[in-house]
Amino acid sequence: MRLFGLESFEAYVERSTAVGSKTLSELITRHSTTANPVTCVIYDTMTPWVRDVTKKHGLIAAAFGTLPCAGTSIYYYAYHGQLSPLPSSTSSVSVPGLPLLDKEDLPTLLPPEEPPTVLQSLLEVYANLDKADFVLLNTIYEWEEKVVDSILT
């Protein structure tokens, strides 16, 4: 799969991480001697390398999950191996705070039919989530009360 002129998805992730890390580091450095230096970076969970850059500069890192809280929770538990094996057409999987989920209830990139490199890259966004100083989640509490409460405990 060619993506932005690169040979593979892996090449795209590698290149965007390298260029993004360098550019963000330069931006933070450039503003470090101004009246308004960068003190905190809020980053999309799809760019986990941002956390590493902010920590090298001694800054606060806040991960922002743009998926609904339930989706973030499912991917988080999948990354940590707590959804293995994924449900087949005849089984279900349990995620804290959610009802039993069948295969068709899972996010579309989670079933095993997805190419392993895309799925692995998607799940790796949760590798540093526990290391962020803050985690901001996209939710309406009244709609996802049980899943939010399960994350907070």
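At R0 = 30 Å, how high is the FRET efficiency between Ile42 and Glu7 if r is their beta carbon distance? Nearest 0.05 is fine. If you can, show how the numbers build up before the last one.
Values: r = 32 Å, r/R0 = 1.07.
For R0 = 30 Å, the calculated efficiency reads 0.40.
Determine which lysines satisfy two conditions relative to Lys131: a Cα distance under 25 Å, and not lying fewer than 8 residues away in the same chain.
Cα-Cα hits under 25 Å: Lys22, Lys55, Lys56, Lys146.
Figure the gain on full extension for Trp143 and Arg15 (residue separation times 0.36 nm, minus the Cα-Cα span) and round it to one decimal in nm. Please report the intermediate quantities before stating the final value.
Numbers: separation 128, 0.36 × 128 = 46.08 nm, distance 3.79 nm.
That works out to 42.3 nm of additional length.
Need one number: nm distance between label points at Ile60 and Gln82, each 7 Å from Cα along Cα→Cβ, rounded to one decimal.
Calculated label separation equals 2.6 nm.
Largest first, what is the accessible-area ranking of Phe134, Phe9 with a 1.4 Å probe? Show your work: numbers first, answer last.
Details: Phe134 120, Phe9 40 Å².
Highest to lowest solvent-accessible surface, that is Phe134, Phe9.
Rounded to the nearest 10 Å², what accessible area does His57 show when all protein chains are kept and the probe is 1.4 Å?
The accessible area of His57 comes to roughly 60 Å².
What ³J(HN,Hα) values, in whole Hz, does the Karplus curve 6.51 cos²θ - 1.76 cosθ + 1.60 give for segment 53-60 when θ = phi - 60°, with x put for Gly and Pro?
3J(HN,Hα) across segment 53-60, in whole Hz: 5, 5, 5, 4, 9, x, 9, 7.
Under the 0.36 nm per residue contour assumption, what length would be gained going from the current alpha-carbon distance of Phe134 and Lys22 to full extension?
Values: separation 112, 0.36 × 112 = 40.32 nm, distance 2.30 nm.
So the extension gain works out to 38.0 nm.
Length gain on complete extension for the stretch Leu100 to Arg30, per 0.36 nm per residue less the alpha carbon to alpha carbon distance?
Numbers: separation 70, 0.36 × 70 = 25.20 nm, distance 4.96 nm.
Extra length available between Leu100 and Arg30 comes to 20.2 nm.
The values are calculated or read from the model by the stated rules, or taken from the named source; none is laboratory data. Everything quoted here is computed from the prediction, not taken from an experiment. Glycine also receives a Cβ, built like all others from the backbone with ideal geometry; neighbour counts cover every protein chain displayed. The accessibility values were calculated without ligands, DNA or RNA, using every heavy atom of the protein model including side chains. Shrake-Rupley method; radii C 1.70, N 1.55, O 1.52, S 1.80 Å.
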